[in-house]
Amino acid sequence: MVKIKDNTVRVVFISLLLDLLAFTMILPLLPALLDYYKSIENDQGLYFKILHYIQRARIYFDAPDKVNTVLYGGFLGSMYSFLQFLGSPIVGALSDIYGRKPLMLFCLTGIMMSYLLWALSCNFTIFVLARFIGGISKGNISLSMAIITDVTSAKTRGKAMALVGIAFSIGFVVGPMIGAFFAWSSINNRTGTWYIIPAVFALFLAGSDLCFVICNLKESLPLKSRAKNLKCGMLGTIAYINPIDLFQFNGVSDLNLQDKKNLRTLGCAYFMYLFIYSGLEFTLTFLTHYLFEFTSMQQGWMFLGIGLVMAILQGGWVRTIPPNKTKSTAELGLWLIIPAFVCIGIAEDILTLSIGIFLFAISTAMVVTCMMTLVTRIGPENQKGVITGVFRSLGALARACGPIVASSAFWCIGSKITYLIGAVFLVFPPLILQSIKLL
């Protein structure tokens, strides 16, 4: 564990872990939840209103009826990430003025409320509202990055960021397994309230996270290091949510020309990578379900394997990468995702699929942690919240667009062509990252 004042990294690690366990457990449950809301709603409900437009598009593109849930799931996934895209940079900017802890408590309260609404979601409209509140409150992740930046030096930051990666890995190992268990249990318990048990469990995790942060997290940004004000009025707000301004990092002040150029280059590579990556990540469960007939429990084991590979790499290797090797490691990870897409796309047997998933896990362990470490080294200290918030928001924008685009392509042209096209476009992120002349 990274040794820093007040063990703040340890607190952030535990908080993220609790948050990610609650967040990821819904993944294997989503198909069952969609089927449930479809069964209880009438033709005038929100579910069927959306389904009406999907069916019209299906007929136009002559897509198979059985993959309707792919596009439906893509809509929900993209909505959640789009809301995170709106919220992350604004929360990050506000934390630079008012401190990290108050904004963290605000976000965690919103996340807890979203799980409460899920537990009360007797119809699809309430469930969508719960996802809406959860998405807009998801600025806690960018705040966690900013807190780590506050309390670490350039020398120890890579190790701290790797611990964040480990929290993600464990979350994506245990969370989907919990969700898979609930999905398996629901097969034998199709009562009208079967979804309440996982929702209450997620609420318990979110409430525990909130209480833990209240009691243990100390403010990491001293008054003397805080920004004096947010950019004025509506123009300032637009700078944090307008995609053009985000790519230009216009919401960040006091940047020299070289820092601004490096941030823009890094942001462009990160966005392109996550846009394509998130499409594969989201549609992978549908691919294994339709092509390999995986059950929810088998998908849970698949996520277990991915998470274990990531946790082992991040815990044993990535966190020890020296600062001068961070950029080259990120580039290697970006190249490795290309054969992962190819293998998964052409897979007709479990062995080829497993090789692709293994490469996918290795790449994930390397890329996100290293790129987040790179971005924290750029810019003035009193702008780190804005910088990490904008960077996370670019990632959220990519995740908002990626699932719906990949789901639509999966739906219209099939998985093989979709993944092979994605592999071709993944050549660009490492080439873009190579052009950065620092770090």
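Quick note: the coordinates plus some simple rules give every number you see, no bench work behind them. Because the structure is predicted, anything quoted here is derived from the model rather than measured. Cβ sites come from the backbone with ideal geometry, for glycine too, and all protein chains shown count toward neighbours.
How far, in nm, would the chain grow between LEU105 and ILE126 when pulled straight, counting 0.36 nm per residue and subtracting the alpha carbon separation? Walk me through the numbers on the way to the answer.
Numbers: separation 21, 0.36 × 21 = 7.56 nm, distance 2.36 nm.
Additional length available on full extension: 5.2 nm.
Against the longest principal axis of the chain, how steep is helix 100-119, in degrees 0 to 90 to the nearest 10, with axes from Cα atoms?
The angle comes out at about 10 degrees.
Describe numerically, in nm with one decimal, the distance between label points set 7 Å from Cα along Cα→Cβ at LEU257 and at PHE358.
If labels sit at LEU257 and PHE358, their model points lie 4.9 nm apart.
Nearest 10 degrees is fine. How inclined is helix 46-61 to the longest principal axis of the chain, computing both from alpha carbons?
80
Hey, can you rank 39-47, 418-426 by average C-beta count inside 10 Å, highest first?
Details: 39-47: 13.0, 418-426: 19.8.
So the peptides 39-47, 418-426, ranked by packing, come out 418-426, 39-47.
Averaged over all directions, how much area does the convex hull of the C-alpha atoms of the chain cover when projected, in nm²?
Working: hull surface 79.0 nm².
In nm², the orientation-averaged hull projection of the chain is 19.8.
If I take every Cα pair under 8 Å that is 6 or more residues apart in segment 303-439, average their sequence separation and divide by the length, what percent do I get for the relative contact order? Each step should come with its number before you reach the end.
Details: 122 pairs, mean separation 47.8, N = 137.
Relative contact order of segment 303-439: 35 percent.
If R0 is 25 Å, what FRET efficiency do you get for THR156 and TYR98 from their C-beta distance, rounded to 0.05? Mind showing how you got there, number by number?
Values: r = 26 Å, r/R0 = 1.04.
Given R0 = 25 Å and the Cβ-Cβ separation, E is 0.45.
Under a crude label model (7 Å from the Cα following the beta-carbon direction), how far is ARG377 from TRP301 in nanometres?
4.2
For GLN84, what charge total do you get from the other residues with a beta carbon under 10 Å from its beta carbon, if Lys and Arg give +1 and Asp and Glu give -1?
Values: positive: LYS138, ARG392, ARG399; negative: none.
For residues surrounding GLN84, the net value is +3.
Can you compute the modelled spin-label distance between LEU420 and LEU332, with each label point 7 Å from Cα toward Cβ, in nm?
That separation, rounded to one decimal, is 3.0 nm.
Per DSSP helix of 4 or more residues, -39500 (n - 2.57); summed, then divided by the residues of the chain. What does that give at 222 nm, rounded to the nearest 500? Show your work: numbers first, answer last.
Details: 18 runs with 341 residues, N = 439.
My calculation for the chain gives -26500 deg cm²/dmol from helical runs alone.
Using the alpha-carbon atoms, what tilt in degrees (0 to 90, nearest 10) does helix 124-136 show relative to the longest principal axis of the chain?
Tilt relative to the chain: about 20 degrees.
ILE197 to PHE292: extension gain in nm, 0.36 nm per residue of separation minus the Cα-Cα distance?
Working: separation 95, 0.36 × 95 = 34.20 nm, distance 2.90 nm.
31.3 nm is the gain from fully extending ILE197 to PHE292.
In this model, which of LYS101/LYS327; LYS138/LYS416; LYS159/LYS384; LYS218/LYS260; LYS101/LYS155; LYS325/LYS437 are farther than 22 Å apart at the alpha-carbon?
Details: LYS101/LYS327 31 Å; LYS138/LYS416 33 Å; LYS159/LYS384 18 Å; LYS218/LYS260 31 Å; LYS101/LYS155 24 Å; LYS325/LYS437 13 Å.
Checking Cα-Cα distances, LYS101/LYS327; LYS138/LYS416; LYS218/LYS260; LYS101/LYS155 exceed 22 Å.
Taking the alpha-carbon centroid of each part, what is the distance from segment 92-121 to segment 124-138 in angstrom?
Distance between centres, Cα-based: 13 Å.
Tell me, in nm to one decimal, what length is gained between ASP349 and GLN248 on full extension, where the rule is 0.36 nm per residue of separation less the Cα-Cα distance? Write out the running numbers ahead of the final one.
Numbers: separation 101, 0.36 × 101 = 36.36 nm, distance 4.40 nm.
Extra length from ASP349 to GLN248 when fully extended: 32.0 nm.
Compare the peptides 131-138, 395-402 by average per-residue count of other Cβ atoms within 10 angstrom and give them in order, highest first.
Numbers: 131-138: 21.6, 395-402: 24.1.
The most tightly packed comes first, giving 395-402, 131-138.
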